[in-house]
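*Asks:* The structure that follows is given in the form of structure tokens.
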């Protein structure tokens, strides 16, 4: 499985950790491996301001507030796991939009590093791109919580 991450930083309010790109690739790769997603894939990851994510939330989710992360999946869960639509081609899984400001706030609130918070959000969103939804399924919520902690622990980003 080949993984390509298109990474952009569209904000300048929060200095991102130097190793964050490497951690995101590692965490997303581990998540896809755990989900037995064997297809070459591509994910777009963008860091934005609270103002930008607030606007996206309002436009796409009718929520009038900034959130930490948004996921825009390209496929339904069944299509992804079946794989017949890809026919050996690389799969664009979707977009992950992270508010760097919100990630910094939450890292402070939860008492852990910005690296851990951003990487957590990347794993969380990858699971959304694969079709899991904690807002509509308690089973998915439990699974996502367990999987996020498992992946973060495996790559050495335990709770401090």
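*Asks:* Within the stretch 63-160, considering only helices (runs of 4 or more DSSP H) that don't extend past its boundaries, which have at least 3 residues that are closer than 16 Å to residue 47 by Cβ?
*Replies:* The helices (runs of 4 or more DSSP H) meeting that bar are 100-110, 114-129.
*Asks:* Could you tell me whether any residue of the stretch 62-69 is at pLDDT below 95, more than 23 Å from residue 5 (Cβ to Cβ) and surrounded by fewer than 18 Cβ atoms within 10 Å (Cβ to Cβ)?
*Replies:* The answer is yes; a qualifying residue exists.
*Asks:* Another question about this same structure. Could you tell me whether any residue of the stretch 83-91 is surrounded by 15 or more Cβ atoms within 10 Å (Cβ to Cβ), touching a residue at least 24 places away in the same chain (Cβ under 8 Å) and in contact with a strand residue (DSSP E or B) (Cβ under 6 Å, 6 or more places away or on another chain)?
*Replies:* Yes, the stretch 83-91 has at least one match.
*Asks:* Within the stretch 111-120, take every residue that is in contact (Cβ under 8 Å) with a residue 40 or more places away in the chain and farther than 14 Å from residue 16 by Cα and give me the one that is surrounded by the fewest Cβ atoms within 10 Å (Cβ to Cβ).
*Replies:* 111
*Asks:* Of the conditions (1) surrounded by 21 or more Cβ atoms within 10 Å (Cβ to Cβ); (2) under 22 Å from residue 75 (Cα atoms), residue 141 clears all except one; give me its number.
*Replies:* (1)
*Asks:* Just give me the residues in the stretch 4-28 being in contact (Cβ under 8 Å) with a residue 24 or more places away in the chain, under 26 Å from residue 81 (Cα atoms) and surrounded by fewer than 18 Cβ atoms within 10 Å (Cβ to Cβ), in sequence order.
*Replies:* 4, 5, 6, 7
*Asks:* Oh, and also: Just a yes or no: is a residue in the stretch 20-38 at pLDDT 95 or above and assigned to a strand (DSSP E or B)?
*Replies:* No, the stretch 20-38 contains no residue that is at pLDDT 95 or above and assigned to a strand (DSSP E or B).
*Asks:* Same structure, new question: Could you list, ordered by first residue, the pairs with Cβ atoms under 8 Å in which the first is in the stretch 54-76 and farther than 19 Å from residue 122 by Cα and the second is at pLDDT 95 or above and exposed (fewer than 11 other Cβ atoms within 10 Å of the Cβ), at least 6 apart or interchain?
*Replies:* Matching pairs, first to second residue: 58/64.
The values are calculated or read from the model by the stated rules, or taken from the named source; none is laboratory data. No experiment lies behind these values; they were computed from the predicted model shown. No Cβ is skipped: glycine too gets one built from the backbone with ideal geometry, and neighbour counts run over all protein chains shown.
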